[in-house]
1. For the stretch 261-291, name all the residues that are touching a Ser or Thr at 6+ places or on another chain (Cβ under 7 Å), in contact (Cβ under 8 Å) with a residue 24 or more places away in the chain and not hydrophobic (A, V, I, L, M, F, W, C).
2. State the number of residues belonging to the stretch 265-287 that are of a type outside the set (Ser, Thr, Tyr) and in a loop (DSSP other than H, G, I, E, B).
3. Against the definition (outside any helix (DSSP H, G or I), closer than 28 Å to Trp274 by Cβ and not small (Gly, Ala, Ser)), how does Glu182 come out, yes or no?
4. Would it be correct to say that Ser345 is in contact with a strand residue (DSSP E or B) (Cβ under 6 Å, 6 or more places away or on another chain), closer than 23 Å to Asp268 by Cβ, at pLDDT 95 or above and of a type in the set (Ser, Thr, Tyr)?
5. Determine if the stretch 227-249 includes at least one residue that is of a type in the set (Gly, Ala, Ser), closer than 30 Å to Lys166 by Cβ, open to solvent by 10 Å² or more (accessible area, probe 1.4 Å) and free of Cβ contacts under 8 Å to residues at least 12 places away in the same chain.
6. Is there a residue being touching an Asp or Glu at 6+ places or on another chain (Cβ under 7 Å), modelled with pLDDT of 95 or more, open to solvent by less than 10 Å² (accessible area, probe 1.4 Å) and within 17 Å of Tyr234 (Cβ to Cβ) anywhere in the stretch 165-179?
7. Considering only the stretch 132-151, state which residues are surrounded by fewer than 16 Cβ atoms within 10 Å (Cβ to Cβ), touching a residue at least 60 places away in the same chain (Cβ under 8 Å) and touching an Asp or Glu at 6+ places or on another chain (Cβ under 9 Å).
8. Name every residue in the stretch 355-407 that is small (Gly, Ala, Ser) and either over 18 Å from Leu318 (Cα atoms) or surrounded by fewer than 18 Cβ atoms within 10 Å (Cβ to Cβ) (or both), in order of residue number.
Amino acid sequence: MNIYINRFVFNTVAFSIIFAALTVQFSHAAPTAADIAFAQAKVKKMLNNIDSFWLERLVDKTNGGYHLNHNQAGVDQGPAPKGIVSQARCLWYFSHILNNELGDQRHLEAANHGFDFIMAHMFDNENGGFYEQIGADGKTVTVDRKHLYGQAFMLYGLSEYVKATKNPAAARLAQNLFQTLEEKAHDDEYGGYQESFTREWSLLDDDSQALMSVAPGVKLMNTHLHIMEALTNYCTAFDDAQARNRLIELISIQSNTVVRKTLGACTDKYHRNWLPIDEAQYNVVSYGHDIENIWLLIDANRAAELPNGPYLDLYKTLFDYSLEYGYDDENGGFYDYGSFNETASSKRKVWWVQAEGVVSALEMYAMTGDEMYWSIFTQMMDWLEAHQVDWENGDWFSNIDENGAASGAKANLWKSPYHNGRAMVRCLKTLESPIKK
């Protein structure tokens, strides 16, 4: 196996031993046409299970928008607030299904329904941007502060909806949001974006209660990951030179700034000047975000019309770190998180981490032809099929603990069809394309 280490400082001998062991463990012949067809059938089956679950439950015909408050069995638990992140993700999902020719009139109606609600009740006509949360009645603004994480997902969802419907009102709204973020949130001094704002786009005071469970002034790798994702989508929907320049800036941040060079992994929390917040509680690696970062960077470079070759050593390094410390060698699947250079401290398997894992493994195989990544992809798909997918009630279990017990709600402010639906659509698309050797 080729090892690329020119960007990072590692113990070459130790890593050679580790990688040699991984090569043996994941030894796998190149997939045949039958293997690929089998994988496609499995992915389609999982996508149908996901799609049918959400189509039956999401559209709130009484109060508008999307309703997400369902227990582990998918049973509605009653009225619940509507948050910017999940509303935007659902709009994106139904639009994305249409854009990949996997949907029908029901998906179009669901997408239109969500957009109408977002435009009528979540858009801040006075100040620009979108409210963080609307009450269960679908009208009352219950959280009017603004965090860039939610704004990013709204840009992401609107851009996908524009591609699906060519709706001019949606196009204006997306372009308005991009300009608002440019004017109100971009950090011209240090790069990236400041994240926590009042309704009027004033920075929150240090003593204010910020969103995303961090103090105001903190910059998150996670937020910037999804701003990059949003601008990737925006740049494929609009010919906007300013947006492309900003996307290139975010590619630099996600491929360099948030990568701890002597570690070979990313951390999440940074001061405004991008120095890492070096505290024990923050010196952890989220395996899911690192492997998600890989394939979102691949897409961002493609949208910016930049080559991925110069980043390949980084992609391999990030994947190999998570594989060494955060992967279940016996059963498949990535764990939640862990301290630096230590085996995962949280060994639960979270639905979104598994979704990012299968996409990243397949994309790495498509890019490199290294059969290890195909082996990881197939092992993860086997594990998902046997444990994470809820074949009885639909969709995926939120969490599976070390003993195999499931926990968590099926639908809430943070769990929607975005991660696993996106993963299955992306895997189908990649499996249908020629493998790049």
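The values are calculated or read from the model by the stated rules, or taken from the named source; none is laboratory data. If you're wondering where the values come from, they're calculated on a predicted model, not measured in any experiment. In this analysis, Cβ positions are derived from the backbone assuming ideal geometry, glycine residues included, and neighbour counts consider all displayed protein chains. Heavy atoms of the whole protein, side chains included, go into the accessibility calculation; ligands, DNA and RNA do not. Shrake-Rupley method; radii C 1.70, N 1.55, O 1.52, S 1.80 Å.
1. The answer is Gly264, Asp268, Asn283, Tyr287, Asp290.
2. First pass over the stretch 265-287, keeping only residues of a type outside the set (Ser, Thr, Tyr): 265-266, 268-269, 271-281, 283-285.
Filter again for in a loop (DSSP other than H, G, I, E, B), leaving 268, 271-275, 277-281, 283.
Result for the stretch 265-287: 12.
3. Working: outside any helix (DSSP H, G or I): no; closer than 28 Å to Trp274 by Cβ: yes; not small (Gly, Ala, Ser): yes.
So Glu182 fails the test.
4. Numbers: in contact with a strand residue (DSSP E or B) (Cβ under 6 Å, 6 or more places away or on another chain): yes; closer than 23 Å to Asp268 by Cβ: yes; at pLDDT 95 or above: yes; of a type in the set (Ser, Thr, Tyr): yes.
It is true that Ser345 is in contact with a strand residue (DSSP E or B) (Cβ under 6 Å, 6 or more places away or on another chain), closer than 23 Å to Asp268 by Cβ, at pLDDT 95 or above and of a type in the set (Ser, Thr, Tyr).
5. We begin by selecting, within the stretch 227-249, every residue of a type in the set (Gly, Ala, Ser); these are 230, 237, 241, 243.
From what's left, closer than 30 Å to Lys166 by Cβ: 230, 237, 241, 243.
Subset that is open to solvent by 10 Å² or more (accessible area, probe 1.4 Å): 237, 241.
With free of Cβ contacts under 8 Å to residues at least 12 places away in the same chain added as a condition, the list becomes 241.
Yes, the stretch 227-249 has at least one match.
6. First pass over the stretch 165-179, keeping only residues touching an Asp or Glu at 6+ places or on another chain (Cβ under 7 Å): none.
Within the stretch 165-179, none of the residues are touching an Asp or Glu at 6+ places or on another chain (Cβ under 7 Å), modelled with pLDDT of 95 or more, open to solvent by less than 10 Å² (accessible area, probe 1.4 Å) and within 17 Å of Tyr234 (Cβ to Cβ).
7. Within the stretch 132-151, Thr142 is the sole residue that qualifies.
8. Restricting attention to the stretch 355-407, the residues satisfying the condition of being small (Gly, Ala, Ser) are 355, 357, 360-361, 366, 369, 375, 386, 394, 398, 404-407.
Gly369, Ala386, Gly394, Ser398, Gly404, Ala405, Ala406, Ser407, listed by residue number.
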